[in-house]
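**Q** Please see the structure below; I have some questions.
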Amino acid sequence: MAMSTKSGKGQKSDINITPYIDILLVLLIIFMVIQPKTQYDLEARVPQKPPEEVEQNVIIKSDAIVVSLDSTGMLRINQDAVTLDQLGARLFDVYSARANKNMFIQGDPDLPFGDIVRIIDVAKGAGVGDIGLMTAGGG
């Protein structure tokens, strides 16, 4: 299918790409506008290295609250068994009278992280400040 170009006024077979570029620019602007500006995440802090020299006569006060969740789903606050429904009220009672609002969560490594996030959500609602995550070995 050859086209004759004797006089130069024949049919043109070029593709006009100007409308496509206009559509591309409009889509680019739309995607830039609908991009979410707020990022939702959990704040994490890296543990600091303990000091090399610790005095021998220092008394370490252990008043930490540890919420543990084992592989069977048993939930405990410092070895006291509690259900997930009771957890918020119990933590609110504990932390309403405390100046130290720190808590630790110790979970079984085989648990889905969503179970731990539910505990974090309940704890934040009960007034807990900083939450630390512990491994099954305690460290």
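Values in this text are rule-based calculations from the coordinates and carry no lab data. Since this is a predicted model, take the numbers as computed values, not measurements. Note: ideal-geometry Cβ built from the backbone for every residue, glycine included; neighbour counts use all protein chains shown.
**Q** Which aspartates and glutamates does LYS12 reach when only Cα atoms under 15 Å apart count, and residues fewer than 8 places away in its own chain are ignored?
**A** Excluding near neighbours in sequence, the set is empty.
**Q** What is the fewest-to-most order of THR135, THR72 by other Cβ atoms lying within 10 Å of their Cβ?
**A** Values: THR135 10, THR72 6.
Ascending number of Cβ neighbours within 10 Å: THR72, THR135.
**Q** In addition: Under unit Cβ charges (Lys, Arg +1; Asp, Glu -1), what dipole magnitude, rounded to 20 debye, does region 65-134 have relative to its Cα centre?
**A** It works out to roughly 300 debye.
**Q** Using θ = phi - 60° and the Karplus curve 6.51 cos²θ - 1.76 cosθ + 1.60, what whole-Hz ³J(HN,Hα) does each residue of region 74-79 get, with Gly and Pro shown as x?
**A** Computed from phi, the couplings for region 74-79 are 6, 9, 9, 10, 6, 6 Hz.
**Q** Now a separate question. Please compute the Kirkwood hydrodynamic radius over region 61-139, one decimal place, Å, based on all pairs of different Cα atoms.
**A** 12.5
**Q** Would you tally the net charge around GLY114, using a Cβ to Cβ cut-off of less than 15 Å, leaving GLY114 out, and scoring K and R as +1, D and E as -1? Could you put the intermediate results ahead of the total?
**A** On the way: positive: ARG118; negative: ASP108, ASP110, ASP115, ASP121.
Spelling it out: positives minus negatives among the neighbours equals -3.
**Q** Can you tally the net charge around GLY88? Count Lys and Arg as +1, Asp and Glu as -1, for every other residue whose Cβ sits under 14 Å from the Cβ of GLY88.
**A** 0
**Q** Within a Cβ distance under 13 Å of ASP70, other residues only, what is the Lys/Arg minus Asp/Glu net charge?
**A** Combined, the nearby Lys, Arg, Asp and Glu give -2.
**Q** Same structure again: Please arrange MET103, MET32, MET74, MET134 by how many other C-beta atoms lie within 10 Å of their C-beta, fewest to most.
**A** The fewest-first ordering by Cβ neighbours comes to MET32, MET74, MET134, MET103.
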